[in-house]
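Engineer: Take a look at the following structure, please.
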Amino acid sequence: MKRQLVALASLSAALTLSAPSAFASGEPHWVETDTAYTDTLGGGQGLASRANGSLLYRGLTDIPLDLRLKGWNHVGDPDIARGYVFDAYQGADTGTSKMFAVTTPAGKRYEYVHQLNPGEKVNNSFAAVSPDGQWLVSGEWGDQTRLQVFPAPLLNPSTPPAGGALKEAWQITLDKPVRDIQGCDFVTDTRLVCASNDATGTLFPEIRPLLQVDLPHKLDGQPITGAVKSLFALPQRSICTDGTFESEGVDYDVNSGTLRAEMIPPGACALSTAVYSYRQG
């Protein structure tokens, strides 16, 4: 009984830390509306909403065998735009390239390989397509002051029509550094939300925060600066206390207005990923 009371006390503390009072001042206020769960191996890396409201999940077991044999051993947070699925792949730490796989509505997959620029990290954490379908935003691990921007494969006419090389077009410079971004998605033409796995509290007061990046105008193929602020700490709730949490993918469903973010709990509870839903209040 004592052990159960300790677990309940830990859960109560976690609930208190992630309650709506943790929201940062200013608009918008995101109100938590639901919690769901998905298998971590099959969905713990990210998620994306389809036009019909259903969700696409990505995890370690979703990497096709032919891509794994080519050395692509990690898939990030995906996105869906106009029925096309965009996946972000990376390989070994010693790799010199990263890859975006795009699957058409008809099920045909094309591979777009980006050769790393000097100083660019091999990480390919996520794919986020701009609302007009023309630009693909991605990011690296660690401390960063930028997001990378590529022409969106297939949807941007400047890209090869059947896979091939993909060069970085330009960057979004961030006015504040960010750390360990796991996923981003567009809320509007000029606003992204991003899930950070930063647990230090040194860049922002919140632990593992959901960040907002505001742009002065929609992406247009030219360098741009984004204003970063922390919205709130993503929930860290679990009966397991041995180990650390890990924030993962984020998605905004423009049709329903639902924002979702994933969190992998620690220890034995890591087999199931929590998916938290929010609506603007």
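Engineer: For Lys167, state whether it is farther than 23 Å from Gly83 by Cβ and not in a strand (DSSP E or B).
Structural biologist: Yes.
Engineer: Can you find even one residue in region 155-166 that is under 18 Å from Ser125 (Cβ atoms) and of a type in the set (Val, Ile, Thr)? Can you show your working first?
Structural biologist: Applying the first criterion (under 18 Å from Ser125 (Cβ atoms)) to region 155-166 yields 166.
Among the residues that remain, those that are also of a type in the set (Val, Ile, Thr) are: none.
Within region 155-166 (the criterion being under 18 Å from Ser125 (Cβ atoms) and of a type in the set (Val, Ile, Thr)), the answer is no, since none of the residues qualifies.
Engineer: Determine which member of the set Val129, Val85, Val113 is open to solvent by less than 20 Å² (accessible area, probe 1.4 Å) and β-branched (Val, Ile, Thr).
Structural biologist: Of Val129, Val85, Val113, the one residue that is open to solvent by less than 20 Å² (accessible area, probe 1.4 Å) and β-branched (Val, Ile, Thr) is Val129.
Engineer: Is there any pair with a first residue in region 55-66 that is under 14 Å from Asp79 (Cα atoms) and a second that is aliphatic (A, V, I, L, M) whose Cβ atoms are under 6 Å apart and which are 6 or more apart or on different chains, and what are they?
Structural biologist: Partner pairs satisfying both residue conditions: Leu55/Leu47; Leu56/Ala48; Tyr57/Leu47; Arg58/Val75; Gly59/Leu41.
Engineer: Being open to solvent by 20 Å² or more (accessible area, probe 1.4 Å), part of a strand (DSSP E or B), acidic (Asp, Glu) and touching a residue at least 12 places away in the same chain (Cβ under 8 Å), is that true of even one residue in region 205-218?
Structural biologist: yes
Engineer: Continuing with this model, one more query. Scan region 119-144 for residues that are within 17 Å of Arg191 (Cβ to Cβ) and out of contact with any strand residue (DSSP E or B) (no Cβ under 8 Å at 6 or more places or on another chain) and jot them down.
Structural biologist: Asp132
Engineer: Moving to a separate point now. Would you check if there is a residue in region 188-200 being within 29 Å of Ser158 (Cβ to Cβ), outside any loop (DSSP other than H, G, I, E, B) and open to solvent by 30 Å² or more (accessible area, probe 1.4 Å)?
Structural biologist: yes
Engineer: Find the strands (runs of 3 or more DSSP E) located wholly in region 225-281 whose residues include 3 or more that are touching a Lys or Arg at 6+ places or on another chain (Cβ under 6 Å), touching a residue at least 24 places away in the same chain (Cβ under 8 Å) and of a type in the set (Lys, Arg), and list them. Quick ask: steps written out before the conclusion?
Structural biologist: On the way: elements: 246-253, 258-264, 272-280.
Ranges flagged: none.
Okay, residues lined up against (1) outside any loop (DSSP other than H, G, I, E, B); (2) under 28 Å from Ser230 (Cβ atoms); (3) modelled with pLDDT under 95:
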| residue | (1), (2), (3) |
| --- | --- |
| Gln4 | yes, no, yes |
| Ser25 | no, yes, yes |
| Val31 | yes, yes, no |
| Ala48 | yes, yes, no |
| Leu56 | yes, yes, no |
| Val85 | yes, no, no |
| Gly107 | no, no, no |
| Glu111 | yes, no, no |
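Engineer: Starting from residues that are among the charged types (D, E, K, R) and farther than 14 Å from Pro177 by Cα, keep the ones in region 219-237 and report whichever is surrounded by the fewest Cβ atoms within 10 Å (Cβ to Cβ).
Structural biologist: Only one residue tops the list, namely Asp220.
Engineer: In this structure, is Gly76 over 15 Å from the mean Cα position of the chain (by Cα), among the small types (Gly, Ala, Ser), modelled with pLDDT of 95 or more and open to solvent by less than 40 Å² (accessible area, probe 1.4 Å)?
Structural biologist: Numbers: over 15 Å from the mean Cα position of the chain (by Cα): no; among the small types (Gly, Ala, Ser): yes; modelled with pLDDT of 95 or more: yes; open to solvent by less than 40 Å² (accessible area, probe 1.4 Å): yes.
No: the conditions fail for Gly76.
Engineer: Applying the selection to region 181-218, what residues are charged (D, E, K, R), touching a strand residue (DSSP E or B) at 6+ places or on another chain (Cβ under 7 Å) and over 12 Å from Phe126 (Cβ atoms)? Step through it out loud before you land on a result.
Structural biologist: Within region 181-218, the first condition is being charged (D, E, K, R), and the residues that meet it are 185, 189, 191, 198, 206, 208, 214, 218.
Remaining after also requiring touching a strand residue (DSSP E or B) at 6+ places or on another chain (Cβ under 7 Å): 185, 191, 198, 206, 208, 214.
Hits for region 181-218 are Arg191, Asp198, Glu206, Arg208, Asp214.
The values are calculated or read from the model by the stated rules, or taken from the named source; none is laboratory data. In this text the structure is predicted, and so the values were computed from the model without any measurement. So basically every Cβ, Gly included, is an ideal-geometry build from the backbone, and we count neighbours across all protein chains shown. All accessible areas refer to the heavy atoms of the entire protein, side chains included, with ligands and DNA or RNA removed. Shrake-Rupley method; radii C 1.70, N 1.55, O 1.52, S 1.80 Å.
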